[in-house]
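I have placed the structure first, in the form of structure tokens, so that the comments after it can refer back to it.
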Amino acid sequence: MSYPVFHNLIGGQWLPAISGKTILNLNPADQSDVIGAFPSSHAEDVDLAVEAAKKAFAEWRLVPAPKRAEILYRTAYLLSIKKEEFARDMTREMGKVLVETRGDVQEAIDEAFYVAGEGRRLLGQTTPSELPNKFAMSIRVPLGVVGLITPWNFPMAIPSWKLFPALIAGNTCVIKPATDTPLSTHNLVKTLIEAGLPPGVVNIVGGSGSAVGAALVEHPGVRAISFTGSSAVGSQVAQRAAAGFKPVSLEMGGKNAQIVMNDANLDLALDGALWGAFGTTGQRCTATSRILLQKEIAAEFTQRFVERTKKLKIGNGLDETVEVGPQINPNQLETSAKYVVVALEEGARLLTGGRALTSGEYGDGTYFEPTVLDQVTPTMRIAREEVFGPVVSLIQFDTFNQAIEIANSIDYGLSVSLYTRDVNRAFTAIRDLEAGIAYINAPTIGAEVHLPFGGVKHTGNGHREGNGALDFFTTWKAVYVDYSDKLQRAQID
Ligand code: UN1
């Protein structure tokens, strides 16, 4: 079998991992299709990359931000030319359907345009000094070398959410892409280089979280870590980084609810639930994994939802007629299967799906049937733990207040949605739902890049991507300029 071999990017050079080892990137729709061999790196590769990033920082921090922005504008343009090619590469390595991988590349394009605009803002503050003839201001400055650890479910969008704001602010980067989807990061970074990014400003080190991720987090030369992934791993990242007083931005799990009230437009709520639960095969941190139904509409909604779920076309995402692609790998498949068993043991009822598809055209892929469980109660594990697969739970409630209580009763707080025609309830929900993102009459997925992205409770640690990323990737310097020509003592004169 022949397939391309990819290397790390260190100081502008493509180098194999020092160990010489590689990890195969497999197509989840057909595990016999090898996309390429990617480096399996360790701490010594991370050392080289951090060294290169440090060296590049000396010059990159001095490039005027509007000039840095020009590289991002060119990147946006080049990405738009290569959108189809990169979307196809992404479907092949990640599995989600083409309309969605086109959206993923588009999200990186949006992010490039949005962040490039910051090149002419990066606003700080001026404020009066308490002393005469003295000027006071605060300016944003870069952190230095930052470490970026990205997941497989948005293989280009999420790297762009981290790389572009880090770069516009003047930082240099070492990125560790997910081992399941490194090709899209390579495509993105190659585009940045084609757009004029100098060598060493972005470095790629491929490999496992336990080898490369941990080395990045602990490296004394890395000034901050931005991580997207599971809450379990995020907790490890935060604890290890704390030892070095390193700022960490964590974007983690969700157990997102869509609430449907009796007065909702039911057709709209059904469209939203289907897209929210089974889009990206349920593998979004924003995916709808609980649908809370008010009693009067529950039966009709359930029946129509199951009917439509059964009709979803499952298959290879490169086929334009397919609606639901495979899961990313056999582990995720097992997790979905395990949670169905757990749910049934706890008393949930399986309405459709529930199994991995292993025969015929599905035989070589990691497919799981879109799955609907009902008679789920808010305390069951299936109602509280993240599955990250095409498995959704239906939970019934009587009153609006109960719905809010159930929606909030979990450890996560990323995204939540309410379907109603009652404006008073809509605004009450916006106020009371514990989540970083709230939707009215729209599904739990579909955040836009220029709003804050992130969540509360176990979903995050207070930072935001999108509109908020610059606050993470810069630090403040307070500056006082005394033009009185004499010693002036604050708090004393
Ligand atoms: C994620 O699942 O980690 O809001 C990101 C959305 C997408 C981003 C999801 N724009 O669903």
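Among the residues of segment 263-282, which ones are more than 20 Å from the chain's Cα centre (by Cα) and either crowded, with 24+ Cβ neighbours inside 10 Å or part of a helix (DSSP H, G or I) (or both)? Explain how you work it out, then say what you get.
Taking segment 263-282 and keeping what is more than 20 Å from the chain's Cα centre (by Cα), we get 263-274.
The answer is 266, 267, 268, 269, 270, 271, 272, 273, 274.
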Residues satisfying the stated conditions in segment 447-464, i.e. surrounded by fewer than 21 Cβ atoms within 10 Å (Cβ to Cβ) and β-branched (Val, Ile, Thr): 456
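Residue by residue through segment 463-490, note down the ones that are more than 15 Å from the chain's Cα centre (by Cα) and part of a loop (DSSP other than H, G, I, E, B).
Of all residues in segment 463-490, those more than 15 Å from the chain's Cα centre (by Cα) come to 470-490.
Listed by number, the residues that qualify are 483, 484, 485, 486, 487, 488, 489, 490.
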Checklist (1) without any contact (Cβ under 8 Å) to a residue 60 or more places away in the chain; (2) within 16 Å of the ligand (Cβ to nearest atom) applied to residue 321, failing item: (2)
Meets criteria (in contact (Cβ under 8 Å) with a residue 24 or more places away in the chain, within 16 Å of the ligand (Cβ to nearest atom), open to solvent by less than 70 Å² (accessible area, probe 1.4 Å) and not in a helix (DSSP H, G or I)) for residue 291: no
Failed condition for residue 217, given (1) surrounded by 17 or more Cβ atoms within 10 Å (Cβ to Cβ); (2) assigned by TED's automatic domain parsing to the domain that holds residue 384; (3) more than 16 Å from the ligand (Cβ to nearest atom): (2)
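So in segment 423-446, with the set limited to residues that are in a loop (DSSP other than H, G, I, E, B) and open to solvent by 50 Å² or more (accessible area, probe 1.4 Å), which one is farthest from the ligand (Cβ to nearest atom)? Steps first, answer last, please.
Pass one, segment 423-446, residues in a loop (DSSP other than H, G, I, E, B): 433-436, 441-446.
Next cut, open to solvent by 50 Å² or more (accessible area, probe 1.4 Å) only: 434, 441.
Numbers: 434: 18, 441: 16 Å.
The qualifying residue farthest from the ligand (Cβ to nearest atom) is 434.
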Qualifying residue in segment 212-225 (condition: charged (D, E, K, R), modelled with pLDDT of 95 or more and out of contact with any helix residue (DSSP H, G or I) (no Cβ under 9 Å at 6 or more places or on another chain)): yes
Listing of strands (runs of 3 or more DSSP E) fully contained in segment 97-197 that carry 1 or more residues being surrounded by fewer than 23 Cβ atoms within 10 Å (Cβ to Cβ): 125-128, 134-142
Output for segment 79-96, where each listed residue is open to solvent by 30 Å² or more (accessible area, probe 1.4 Å) and in a helix (DSSP H, G or I): 80, 81, 83, 84, 85, 88, 89, 92
Out of 486, 457, sole residue that is at pLDDT 95 or above and more than 21 Å from residue 384 (Cβ to Cβ): 486
Search result, residues across segment 8-25 that are assigned to a loop (DSSP other than H, G, I, E, B), surrounded by fewer than 18 Cβ atoms within 10 Å (Cβ to Cβ) and under 27 Å from the mean Cα position of the chain (by Cα): 11, 12
Unmet criterion (only one of (1) under 20 Å from residue 456 (Cβ atoms); (2) assigned to a helix (DSSP H, G or I); (3) within 16 Å of the ligand (Cβ to nearest atom)) for residue 239: (3)
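For residues in segment 447-458 being outside any loop (DSSP other than H, G, I, E, B) and over 26 Å from residue 112 (Cβ atoms), which is nearest to the ligand (Cβ to nearest atom)?
Within segment 447-458, the subset outside any loop (DSSP other than H, G, I, E, B) is 452-453, 457-458.
Of the ones still in play, those that are also over 26 Å from residue 112 (Cβ atoms) are 457-458.
Numbers: 457: 16, 458: 15 Å.
The residue in question is 458.
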Boolean, residue 243 is under 21 Å from residue 354 (Cα atoms) and either in the same structural domain as residue 100 (by TED's automatic domain parsing) or touching a residue at least 12 places away in the same chain (Cβ under 8 Å) (or both): no
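Out of 62, 24, report the one residue that is of a type in the set (A, V, I, L, M) and farther than 19 Å from residue 185 by Cβ.
Only one candidate passes the filter, namely 62.
Which ones in segment 411-422 are closer than 25 Å to residue 231 by Cβ and either within 16 Å of the ligand (Cβ to nearest atom) or open to solvent by less than 10 Å² (accessible area, probe 1.4 Å) (or both)?
Step one: filter segment 411-422 for residues closer than 25 Å to residue 231 by Cβ, giving 411-418.
Answer for segment 411-422, where residues must be closer than 25 Å to residue 231 by Cβ and either within 16 Å of the ligand (Cβ to nearest atom) or open to solvent by less than 10 Å² (accessible area, probe 1.4 Å) (or both): 412, 413, 414, 415, 416, 417, 418.
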Count of residues meeting criterion [farther than 21 Å from residue 181 by Cβ and surrounded by 21 or more Cβ atoms within 10 Å (Cβ to Cβ)] in segment 324-355: 5
Residue 397 being in contact with a Lys or Arg (Cβ under 9 Å, 6 or more places away or on another chain) and open to solvent by 20 Å² or more (accessible area, probe 1.4 Å): no
Positions within segment 198-237 being in contact with a Leu (Cβ under 6 Å, 6 or more places away or on another chain) and more than 30 Å from residue 62 (Cα to Cα), in sequence order: 234
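Any residue that is of a type in the set (Val, Ile, Thr), away from the ligand (no atom under 16 Å from the Cβ), touching a residue at least 12 places away in the same chain (Cβ under 8 Å) and out of contact with any Pro (no Cβ under 8 Å at 6 or more places or on another chain) - is there at least one of those in segment 142-158? If you could, list the steps in order and put the result at the bottom.
From segment 142-158, those of a type in the set (Val, Ile, Thr) are 145-146, 149-150, 158; that's our starting set.
From what's left, away from the ligand (no atom under 16 Å from the Cβ): 145-146.
Narrowing the set further to residues that are touching a residue at least 12 places away in the same chain (Cβ under 8 Å) leaves 145-146.
Subsequent filtering for residues that are out of contact with any Pro (no Cβ under 8 Å at 6 or more places or on another chain) retains 145-146.
Within segment 142-158 (the criterion being of a type in the set (Val, Ile, Thr), away from the ligand (no atom under 16 Å from the Cβ), touching a residue at least 12 places away in the same chain (Cβ under 8 Å) and out of contact with any Pro (no Cβ under 8 Å at 6 or more places or on another chain)), the answer is yes, since at least one residue qualifies.
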Sole residue being closer than 25 Å to residue 481 by Cβ and assigned by TED's automatic domain parsing to the domain that holds residue 234, chosen from 139, 149: 139
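The values are calculated or read from the model by the stated rules, or taken from the named source; none is laboratory data. Just so you know, these numbers come straight off a predicted model, no measurement behind them. Cβ sites come from the backbone with ideal geometry, for glycine too, and all protein chains shown count toward neighbours. Side chains are part of the model used for accessible areas, which takes the heavy atoms of the whole protein and leaves out ligands, DNA and RNA. Shrake-Rupley method; radii C 1.70, N 1.55, O 1.52, S 1.80 Å.
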